[in-house]
Amino acid sequence: MTILIPSYEPDERLIGLIRDLRAVTDTSILIVDDGSGEAYSGIFQSAREAGCTVLTHEDNRGKGSALKTGFNYIKQSGDADVVVCADSDGQHLPKDILRVAGEARSRRRHIVLGSRHFTGKVPLRSRFGNSATRLVYAYATGVPIQDTQTGLRGFSNDMLDWLCRIPGERFEYEMNMLLASKSAGYRTVEVPIDTVYLDDNKSSHFRPLADSARIYFPFVKFGLSSIVSAALDFMLLLLLQWMTANLLFSVVGARVVSSAINYAMNRKFVFGGGAKRGNGRSLPRYYALAATILLFNYVLLYSFNETIGIPLLAAKLLTEGLLFLFSYWWQRKYVY
C-alpha cells in the first residue's frame, strides 16, 4: 500500500500526520510538493527524514495535477496493491486512512470514499459547499453520495492508468473522477470517517469562487449541450412547420436532427470520449430514450397547442421545460 499526500504550503500538521501514521503502520508514504517554494523546504526535508518519498513541482499546478504526478510515480514503481490519498492538513485520522485502505483492498475497481457526515461544529462554507455539490451530483447522476468533496480516497492499483487520464488539474479533478467512474466501469463505496476541522479549516487552499466554478463546470457542460440541441430543435420545428404545416413531421424531423447532434456532443464534449461503454451500447439506449421523449413531446405539444390553444412558441417552451429534467437525469444514469 502507498499513502499519497498532495501538499501545498503545509504547516507542522503534515509532520504530525506522518508521525501518527508511522506509529500505526510502516507502509510507504509518498508526498507531492505542489510548488510550495523554498519557504516550506524544511517541512518537506523533515518528511524525507521520516522516511517519506517527496516529489516536487517547481510551480503550483493544482491538487489534481499533484495527484496525477503521484499516481504516475506509483504506477511506474509498481510496488503498491492499493493507493490511499489523504490531505496534508491533519483532517484525516490514521485509523480512517487505514480503514479506507482495507476497504480498497477488498473492493477492487471501486473508488472508496472516506465519507464525512458533517455533524458537530463544521465551518459554514464547508457544510454549504458539500451540501450543494451533493445535491447537484445526485441530480446529475442519480447516485447519492454523502461526501463528494472528500480528499480521503482509496483505489486498487489496476485503476492507476484511468486515474492518470481523468481531465482536471485542480480541485475539479476529484469531481471529474466521480462523474467519469460509472462510464469507466468503476463503482463508488463510502466508508464513514470522523469529521475533523482545525481552526475553522483556515489552512484549506480551496478558493470558493474559482474552484467552485471548476467543480461545477462538468454540470455546466451538460446544460450547454442540452441548450444547444434544444435551440436547434426549436428552430427546426418552426422552420419545418412553416414549410409543411404538418406538426407531426415537424416534431419528428426536428428531433431526429437535434438528437443526433446532442448525442455527438455528449460523447465528445460532455464525457470527453472516455467512456468504456461504446456506441454499440450507448447509442441504442440514447435513441430509446429519444423515442420516448419524442412520443411525450408530441403528445404534450399537441395537447398544449391544438387542444388547449396555447401558441406554438409557448407550447414548445412549456413542453421542453417539463421533459428536460427527466431526459437529463436518464441520460446521465442509464445512457453513458
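The values are calculated or read from the model by the stated rules, or taken from the named source; none is laboratory data. As the structure is a computational prediction, the values presented were derived from the model and not from experiment. Every residue, glycine among them, receives a Cβ derived from its backbone with ideal geometry; neighbour counts consider all protein chains shown.
Details
- Only one of A80, A86, A104 that is crowded, with 16+ Cβ neighbours inside 10 Å and out of contact with any helix residue (DSSP H, G or I) (no Cβ under 8 Å at 6 or more places or on another chain): A104
- Selection of region 298-317 for residues being farther than 20 Å from V256 by Cα and part of a helix (DSSP H, G or I) yields S303, F304, N305, E306, T307, A314.
- Tally, over region 23-52, of residues that are buried (at least 17 other Cβ atoms within 10 Å of the Cβ) and polar (S, T, N, Q): 2
- For region 1-20, a tally of residues being modelled with pLDDT of 95 or more and closer than 20 Å to S156 by Cα returns 5.
- Y328 at pLDDT 85 or above, in a helix (DSSP H, G or I), under 22 Å from M235 (Cα atoms) and not charged (D, E, K, R): no
- Test for K121: is it loosely packed, with under 14 Cβ neighbours inside 10 Å, basic (K, R) and either modelled with pLDDT under 85 or on the phi > 0 side of the Ramachandran plot (or both): yes
- E320 more than 21 Å from the chain's Cα centre (by Cα), among the acidic types (D, E) and at pLDDT below 85: yes
- Hey, G70 modelled with pLDDT under 95 and not polar (S, T, N, Q) or not: no
- Extreme residue, modelled with the lowest pLDDT, among residues of region 286-305 that are of a type in the set (V, I, T) and within 34 Å of the chain's Cα centre (by Cα): I293
- Figure legend. Inter-residue proximity from region 250-267: first residues at pLDDT 80 or above and crowded, with 17+ Cβ neighbours inside 10 Å, second residues aromatic (F, W, Y) and in a helix (DSSP H, G or I), beta-carbon distance below 7 Å, spacing 6+ or different chains. Indicated pairs: V251/Y298; Y263/Y286.
- L98 in contact with a Phe, Trp or Tyr (Cβ under 7 Å, 6 or more places away or on another chain) and either at pLDDT 95 or above or not assigned by TED's automatic domain parsing to the domain that holds S115 (or both): no
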